[in-house]
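The structure appears below as structure tokens.
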Amino acid sequence: MRKRSNAPVFWLLFGAGGMLSALFGMALVFITGIVVPLGVEPYGDLMSYSRMVRFAQNWLGKGFIFAIVALFAWHAAHRIYHSLHDLGVHTGALAKLACYGGALVVTAVTAIALLSVGF
Amino acid sequence: MNHKAGTVRRPYVRPMQGWWRRDPFFVRYMVREVTAVAVALYALILMGGVVCLAQGVLAWNLWLAAMRSPWSLLLHGVLLYAMFVHAKSWFEIMPKTMPMMFVGGQRVAGSTITRCGWAATALVSVGVLGLACWWAVR
């Protein structure tokens, strides 16, 4: 039997991350990067330490943060890997390792940090 | 193309340098692909935040302070625009990547699927902003 391709797995992660970033990307960047830093009320104190720890300790909040960070990373890694060819970079095992390995590191670091925040 | 060693023939190979600048369609394609860099950056910024959160209140406040710097605000303005471009292109491609959908024997038009995508994003955005507002004031 022919060895099964692992492409569908990466494609699925790419699709899930793409959909999630199309749905949530704008709202999240707007809140975390613009509204909260500028102190626009009522969002001025939204990301205080105590609030964010409670959010990250809640299983729903934990899951949300993990899904956003990990799937965004896998989406970006897959797209950047396939764009390298368009820029004239001949992709090989090294480029693949850099792209998907990067996403894997982001996933692992986020998971460890979220676990160490506690429940 | 024949590139065997020792061949005397040297065929003309069309240069591919800057190929995507030749056609507005290709430019749009490259802009769409570049949004991945924005998505990656945002994932890294959030990952940094989660790591700081796990380190304690001091690290977290440092991260918050970094987010308040003018460079960060400028970057997030660019990221916001990139997220918009990504969502726009994502929903424009969705009719082509999705399996065909039929309602009452009629194939659902691509423009309908694109509009549904935007409606979902609008709903999610209002929901997230509303939920955050409710959480901030309670």
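Which condition does A:ARG4 not pass, out of (1) within 11 Å of another protein chain (Cβ to nearest Cβ); (2) loosely packed, with under 13 Cβ neighbours inside 10 Å; (3) not aromatic (Phe, Trp, Tyr), if it passes all the others?
(1)
What's the number of the condition B:GLN17 fails, among (1) in a helix (DSSP H, G or I); (2) surrounded by fewer than 18 Cβ atoms within 10 Å (Cβ to Cβ)?
All conditions are met except number (1).
For segment A:1-34, which positions are in contact (Cβ under 8 Å) with a residue 40 or more places away in the chain and aliphatic (A, V, I, L, M)?
A:LEU13, A:ALA16, A:LEU20, A:LEU28 - these are the residues of segment A:1-34 that are in contact (Cβ under 8 Å) with a residue 40 or more places away in the chain and aliphatic (A, V, I, L, M).
Can you list the helices (runs of 4 or more DSSP H) found entirely within segment B:25-138 that contain at least 3 residues being closer than 26 Å to A:TYR100 by Cβ? Working first, answer last.
Details: elements: B:57-67, B:70-97, B:110-137.
In segment B:25-138, B:70-97 are the helices (runs of 4 or more DSSP H) which contain 3 or more residues that are closer than 26 Å to A:TYR100 by Cβ.
So that you can scan it fast, the table gives a plain yes or no per residue for (1) at the interface with another protein chain (Cβ under 8 Å from one of its Cβ atoms); (2) farther than 20 Å from A:VAL109 by Cα:
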site: B:VAL27; (1), (2): no, yes
site: B:MET30; (1), (2): yes, yes
site: B:ALA40; (1), (2): yes, no
site: B:VAL51; (1), (2): yes, no
site: B:GLN55; (1), (2): no, no
site: B:LEU62; (1), (2): no, no
site: B:LEU73; (1), (2): yes, yes
site: B:TYR81; (1), (2): no, yes
site: B:GLU92; (1), (2): no, yes
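Exactly one condition in (1) at the interface with another protein chain (Cβ under 8 Å from one of its Cβ atoms); (2) closer than 30 Å to B:ARG21 by Cβ; (3) surrounded by fewer than 15 Cβ atoms within 10 Å (Cβ to Cβ) is false for A:TRP11; which is it?
(1)
Is at least one residue of segment A:35-48 without any contact (Cβ under 8 Å) to a residue 40 or more places away in the chain, closer than 24 Å to B:ALA119 by Cα and within 9 Å of chain B (Cβ to nearest Cβ)? Don't jump to the end; show me each part of the working.
Taking segment A:35-48 first, the residues without any contact (Cβ under 8 Å) to a residue 40 or more places away in the chain are A:35-48.
Still in the running and closer than 24 Å to B:ALA119 by Cα: A:35.
If we keep only those that are within 9 Å of chain B (Cβ to nearest Cβ) as well, we get A:35.
The answer is yes; a qualifying residue exists.
Residue by residue, here is whether (1) crowded, with 18+ Cβ neighbours inside 10 Å; (2) of a type in the set (Phe, Trp, Tyr) holds:
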{"residue": "A:VAL36", "(1), (2)": "yes, no"}
{"residue": "A:VAL40", "(1), (2)": "no, no"}
{"residue": "A:ARG51", "(1), (2)": "no, no"}
{"residue": "A:LEU60", "(1), (2)": "no, no"}
{"residue": "A:PHE72", "(1), (2)": "yes, yes"}
{"residue": "A:HIS90", "(1), (2)": "no, no"}
{"residue": "A:LEU97", "(1), (2)": "no, no"}
{"residue": "A:THR107", "(1), (2)": "yes, no"}
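Read-outs throughout are calculated quantities, based only on the coordinates presented, and are distinct from any laboratory measurement. This is a predicted model, so every value here is computed, not measured. With ideal geometry, Cβ positions are generated from the backbone for all residues, glycine too; neighbour counts draw on all protein chains shown.
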